[in-house]
Each structure stands twice: as structure tokens, then as C-alpha cells.
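Worksheet: the structure to be examined is printed underneath.
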Amino acid sequence: MTPFVNLSAQYKAYKEEIDLAIISVLESGNLIGGTEVQEFERNLAEDTGVSFAHSCASGTSALCLALCALGLKPGDEVIVPDFTFVATADAVVLQGGIPRFADIGDDFLISPSSVESRISPKTVGIIAVDLFGQCAHYEELKRIADKHGLWILEDAAQSIGASQNGKPAGSLATIAATSFYPTKPFGAYGDAGAVLTSEKDLAERVQSFASHGRGRNGLYTSVGTNSRLDAIQAAILNAKRKHFAAERSIRQKNASIYNELFSAFPDVHTPSILSGNSSIYAQYAVTAKNREILLQKLSQAEVPTRIYYSRPLSAEPCFAHFEHTPEDARSNVNAYRISQEIFCLPIDAFSDVSVLAQKIKSVL
Ligand SMILES: Cc1ncc(COP(=O)(O)O)c(C=O)c1O
């Protein structure tokens, strides 16, 4: 069976440039920081339309740094989608906060009305996730956040390269965190992440927390951590950036091949993309009531599939002890239903989706 994300085919296609990038970092002796990291941050800020891009160790670390910069305090509540990768809520807990789980809509995105119903006197902010590469409902979320004096953190781990009403993902809230995990649409060849913002104060706090709390005066003004992007990963990302626009077009074309295929099979619901959104399709996720039967057929046809995500976060044991969680969980009906019906198909630029579509058609 072909891989779910064909990273080795990607490497073979860019091998010369990637090998050169790695060798030049090794020869330079600048393994941490340096020109490759600076170039990466400059380009990332430009591509996402923000004033400051601070690279760091991973997307999870980026979320933690952003929450630190926002001043999250122990006991503060943060509203997160019940249906996302676990890191979104982990970061809240790691920084001492309490995650409150909001339901999602049929578009898999955090539901603004559910967010509003979760607000309590302890709520300080909302983490909106651009799930599967599609930007969340920022206009409505901003209205709610402004009304209640909350901040919004954009979890853009899956959405670099997407946009909403012409604005790039990563620039749609006060601050954003993103990941360059290898299987992301714009991925490194190891762990990597970044925090994006146009607010200078927040950018300075992120930079300080990522360097053990070191202030501009050289003193350690707060307790921080070490979260840095390796120069080798920055060099790889700089080389891959040149190909990203072409990869994005192929991902979007792949999505339209699947959309057309499934239009003849009404039992399979294709992703619904909001008007004004351009998705990067980090995942091509469909729902079907008869998921298990379909997955069996696809496996027989040698079509790789993945289930993202098989449970809402509020059903995960690590979040079970949070106050209100059982009530939240019971009322998040979409998150529960969708986790039983969803599955994802290969969408990356190096998977031959026309061939996969033929195989799928033959077994449906
Ligand atoms: C929505 C979301 N948030 C955060 C993360 C964490 O990123 P990383 O794996 O780089 O720590 C991921 C990674 O898969 C993600 O999908």
C-alpha cells in the first residue's frame, strides 16, 4: 500500500536542494540560530502577513509560548474545540489553565454559538483551530471575544498556506501558533514550530519565554524555557518554501478530484468549505454513517486511510478531572457524532490521487 503521506517521494523530488541546504548548515558551524533561521522567520512573517514570526521547537511549544505571552494564569479558563489534536488543550493545561470544550459544526470548526455558551467569569480566551487546513469562523469569534473581553489564539498548526477573505492563516487573531511537523502541508524534516503576531509586546514576551525568560537588558526577568528551531530544519524549510505554492495547487486539485468522485455517492459527505476560505487541505476528511464498512473496502483496495480524530478531547482520560467536563462532553453532540463517522484520505502533492480515486470508485 502507498504511504498516507508520501514524504520519501517528496524528498527524492527536492533531494539536491535539501542535501545542499543541510550540508551548508553543517559546514557553517551555525547549528542554532544564524542566517537560515533569520531568513525563515523573515519569509514566514511575509507569507503570513504578520509583523513578527518567532520560530521554535514545535507546534505544541508554540501554543505554550503564545499562552505564556498572553499572560495565562493558573485557574484561567480557555475555550478550545472538543474536536482537534490533543496538543491544543494540552498547552492550556501545561500552562496551568483549564480547558473548556466547545462543540464543532458540520464544517469541523469550533462553533461560535457553543463557544458563547461556555463562557464563565473565569474565561480569559478562546483557541480557534483551523482544522484540516480551513480557517475557523473568525468574524463571529471576534464579535464574541470583543463582547466578553477575551483574546483569541489561532491554532494554525494545520493551516499555513490557507486564507480567509484574502488574509493568510496565522494572521487572523491576536496571536497564532503553528507547526511544521513533517506531515503538515509545509513540513520540516523533524519537529518545528512558530508563533506569529503583529503585536510587539506579545512578540517580545514570546522571544523572552523561549530563551529562558531573558529580557532585553540581559537579565532573566521571568522563568522561561528553551524552545528553538534547529538551523538544519530552517534550511530545509527555506528550500521547501520555493515549492510550496505548487504543492498547495496540487492539494487543492486533489481535493476537487475527491469531491467529484464522492458527488456520485451521497452517503459520503465531503468537506464543506466556508465562503471566503481557501483551504490548504492539511487533511481531506469525509464523514459516512457506514464508516467501518467503507474502511474495510478501502483497505482491500489498498487505499490508505486515517481516522482524525476517533474521540472528542473531553472523552480523553487526561481531561476527565476538569470541572464541567462531563456536562460539556454530553452536549457536544457534533464532536461525538463526527468522531464516529470521520476518516481521511491521502491528499499530499506526492500521492497519486487520480489512481486512488479509481481504486475507491471500484469498491464503493
Ligand atoms: C491542531 C494542532 N495543534 C497543535 C499541534 C502540535 O504541533 P506539534 O506536533 O508540532 O507539536 C498539531 C500537530 O499535529 C495540531 O494538528
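Of the chymotrypsin sites (Phe, Trp or Tyr not before Pro) found in the range 123-232, none is in coil by DSSP with at most 14 other Cβ atoms within 10 Å of its Cβ. The modelled label-to-label distance for the pair residue 12/residue 113, using points 7 Å beyond Cα in the direction of Cβ, is 5.0 nm. By the count of neighbouring beta-carbon atoms within 10 Å, fewest first, 86, 25, 206 end up ordered 86, 25, 206. Simple spin-label estimate for residue 94 and residue 122 gives 2.2 nm between the two label positions (7 Å along the Cα-to-Cβ direction from each Cα). Computed 3J(HN,Hα) for the range 211-219, one whole-Hz value per residue from the Karplus formula 6.51 cos²θ - 1.76 cosθ + 1.60 where θ = phi - 60°, is 10, 6, x, 6, x, 5, 7, x, 8, glycine and proline marked x. Straight-line cross-link reach from residue 15 at under 24 Å between alpha-carbon atoms covers these lysines, not counting any fewer than eight positions away in the same chain: 184, 240, 242. Exposure proxy for 352, 155, 90, 201: other Cβ atoms within 10 Å of each Cβ, ordered fewest to most, give 201, 352, 90, 155. Other residues with beta-carbon under 12 Å from the beta-carbon of residue 354 carry, at +1 per Lys or Arg and -1 per Asp or Glu, a net charge of +1. Only Cα pairs within less than 10 Å get springs; with that Gaussian network setup on the chain, which residue of 78, 303, 129 has the largest fluctuation? Highest fluctuation of the listed residues: 303. Within a straight-line Cα-Cα reach of under 16 Å, residue 297 can be paired with the following lysines, leaving aside sequence neighbours fewer than 8 residues apart in one chain: 289, 359, 361. For residue 216 and residue 264, FRET efficiency with R0 = 51 Å and r from the beta-carbon atoms, rounded to 0.05? For residue 264 and residue 216, the calculated efficiency is 0.25.
Hey, with R₀ at 35 Å, roughly what FRET efficiency would residue 223 and residue 148 work out to, going by the Cβ-Cβ distance, to 0.05?
Numbers: r = 30 Å, r/R0 = 0.86.
Plugging the Cβ-Cβ distance into 1/(1 + (r/R0)^6) gives 0.70.
Principal axis analysis of the Cα atoms in the range 244-363 yields extents of 48, 34, 24 Å, listed in decreasing size.
Just how many % of Cα pairs in the range 7-238 lie over 24 Å apart, if you round to the nearest whole percent?
Numbers: 11409 of 26796 pairs.
Across the range 7-238, Cα pairs with separations above 24 Å total 43 percent.
Spacing of the modelled spin labels on residue 73 and residue 300, each 7 Å from Cα toward Cβ, amounts to 6.1 nm.
Nearest 500 deg cm²/dmol is fine: what mean residue ellipticity at 222 nm does the chain get from its DSSP H runs of n ≥ 4 alone, each adding -39,500 (n - 2.57), divided by its residue count? Numbers along the way, then the final one.
On the way: 12 runs with 152 residues, N = 364.
The per-residue figure over the chain is -13000 deg cm²/dmol.
Taken over the range 1-134, the convex hull of the Cα atoms encloses 163 Å³ per residue.
If you take the Cα centroid of the range 92-134 and the Cα centroid of the range 1-78, the two points sit 25 Å apart.
Report the extension gain between residue 199 and residue 337 in nm, rounded to one decimal, defined as 0.36 nm multiplied by the number of residues separating them, less their alpha carbon distance. The partial results should precede the final answer.
Details: separation 138, 0.36 × 138 = 49.68 nm, distance 3.85 nm.
Residue separation times 0.36 nm, minus the Cα-Cα distance, leaves 45.8 nm.
Net charge within 13 Å of residue 242 by Cβ-Cβ distance, Lys/Arg positive one each and Asp/Glu negative one each, not counting residue 242 itself?
Working: positive: 240, 241, 248; negative: 16, 17, 39, 47, 247.
The answer is -2.
Computed from the coordinates by the stated procedures, all read-outs in this text should not be read as laboratory data. Since this is a predicted model, take the numbers as computed values, not measurements. Heads up, the Cβs are rebuilt from the backbone with ideal geometry, glycines too, and the neighbour counts pull from every protein chain shown.
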